[in-house]
Amino acid sequence: MSIDLKEYKVLVTGALGVIGRRLTKRLQEAGAMVIGLDVSGASEVLEKDCLINGNMMDLKVVDRALRQLSQIPRPKAAVFHLAGMSDANQCEIDPTAAVEQNVVLTTNLLEACVKNKIRRIIYPSTAYVYGTSYDQPIEEGFALNPEGVYPLTKVLAEEAIKGYARFADLSCDIFRISNIYGLDSKKNTIFGTMLDQAKFKNSVFLHNLQPVRDFIFIEDVIETFARSLLYGEEKGCAIFNLSTGNGTSVGELARTFCRLKDWPPEAVKCDNEAGKKSVLVLSNQRLYQRLRWKPSIDIVEGIRKTLLQSGDIKYAQT
Ligand SMILES: NC(=O)c1ccc[n+]([C@@H]2O[C@H](COP(=O)([O-])OP(=O)(O)OC[C@H]3O[C@@H](n4cnc5c(N)ncnc54)[C@H](O)[C@@H]3O)[C@@H](O)[C@H]2O)c1
């Protein structure tokens, strides 16, 4: 089902990041007018005057972007706030910078939104705000239990958004996203590790095959974001899990990856067969109730699409 976003003008912060690049393109395809804001760099899809290069730590930069957005003659405005420190390892190394990039940046954005009368904000949080020790799909009301600096900064950013939504009459959606995978997966993620290793050898080596995660294909995340614009303009803050609702162990993921690469089961190697099992699977019922739509790309299809996108000719021909 296609969507029509011709009435919308949208600011995407972090427009040059993994999610930002794809989201910008998808919003444009659906007819939205998009402005990007990122610290530096160029975009393949945004014209020069639609991309603001600047550091969001500077409130004036954020204000300028929001002002530019508010001047576009379209009736509906929204901001996807994607800029921040997305690398969990980097957050552990430099917690002060993590708080600045993920929390201060968010309050800067909220302040500028209030000043420029932009009310609708959509924010990507993470499944890891819940922690990792559950034996049932987690619903949004579950207690938060961040186990590191990155999810902690996400909890703090969520609180800032909830607070502003309440006292400044904003309309905010927070999406707690499960484990995203796809062609752009970063090297320090499970899927990114496999993709990277597969460039150099016909096997994958992982430290623990036991954890069960809710792997969501990046295209499903982008589609959910784009569709979310069409709903929820009421005041306040709504929180949604953005997930498939299905658990897959790291071992299963690796074996599926190798099978689709045409490699034997022995291609999956691990140095810790008795590794710790932790489970993080999120219910997506609330998301479905809102959008009447939910992520649908299963793990086999997602890996297949990734291999095709990566130009894996051998696979593309089978
Ligand atoms: N990719 C995932 O698996 C995942 C999962 C859940 C949530 N998220 C969240 O989604 C958001 C986007 O993720 P991503 O994977 O696209 O991240 P990314 O690191 O690829 O992109 C972030 C972008 O923000 C920009 N940026 C950082 N600091 C900035 C600043 N001070 N001023 C202006 N721009 C700045 C960077 O240049 C970069 O282009 C992040 O908040 C991340 O925490 C990502």
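The values are calculated or read from the model by the stated rules, or taken from the named source; none is laboratory data. If you're wondering where the values come from, they're calculated on a predicted model, not measured in any experiment. Every residue, glycine as well, gets a Cβ built from its backbone with ideal geometry; the counts of neighbours run over all protein chains shown. Quick note on the areas: whole protein, heavy atoms, side chains included, nothing else; ligands and nucleic acids left out. Shrake-Rupley method; radii C 1.70, N 1.55, O 1.52, S 1.80 Å.
Among DSSP beta bridges lying fully in the chain, give the percent that are antiparallel, nearest 5.
Values: 2 of 42 bridges.
Of those bridges, close to 5 percent are antiparallel.
At a Förster radius of 25 Å, what calculated FRET efficiency corresponds to the Cβ-Cβ distance of R166 and K187, to the nearest 0.05?
For R166 and K187, the calculated efficiency is 0.05.
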Legend entry - Nearest-0.05 FRET efficiency for E29 and E92, computed from C-beta distance (R0 45 Å): 0.75
Inset, instruction - Leaving ligands, DNA and RNA out of it, work out the accessible area of D298 with a 1.4 Å probe and give it in Å² to the nearest 10. - result: 90
Legend entry - Over the range 6-110, relative contact order from alpha-carbon pairs under 8 Å, at least 6 apart, %: 32
Inset, instruction - Using only the C-alpha atoms of the chain, find the volume of their convex hull and express it per residue in Å³. - result: 136
Inset, instruction - Pairs of Cα atoms under 8 Å, at least six residues apart: use those to get the relative contact order of the chain, whole percent. - result: 16
Inset, instruction - Take each complete run of DSSP H in the chain, measure how far its Cα atoms stretch along the helix's own axis, and keep only those covering 20 Å or more with mean Kyte-Doolittle hydropathy at least -1.0; list them. - result: 149-167
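To one decimal place, what Kirkwood hydrodynamic radius in Å is obtained for the range 19-127 from all pairs of distinct Cα atoms? Provide the component values of the computation, followed by the final result.
Working: mean 1/r = 0.0683 Å⁻¹.
Here the Kirkwood hydrodynamic radius works out to 14.6 Å.
Hey, what number do you get for the chain at 222 nm if only DSSP H runs of n ≥ 4 count, each worth -39500 (n - 2.57), divided across all residues, to the nearest 500?
Values: 12 runs with 120 residues, N = 318.
For the chain, the value works out to -11000 deg cm²/dmol.
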Inset, instruction - Please list 300-310, 44-54 highest first by mean number of surrounding beta-carbon atoms within 10 Å per residue. - result: 300-310, 44-54
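Normalising by the residue count of the range 26-78, find the relative contact order in percent from Cα pairs under 8 Å and 6+ residues apart. Intermediate values should be presented prior to the final figure.
Values: 42 pairs, mean separation 13.8, N = 53.
Over the range 26-78, the number comes to 26 percent.
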Inset, instruction - Quick one: which residues, 5+ away or cross-chain, put their amide H under 5 Å from the amide H of S171? H built at 1.01 Å from N. - result: R120, I121, G236
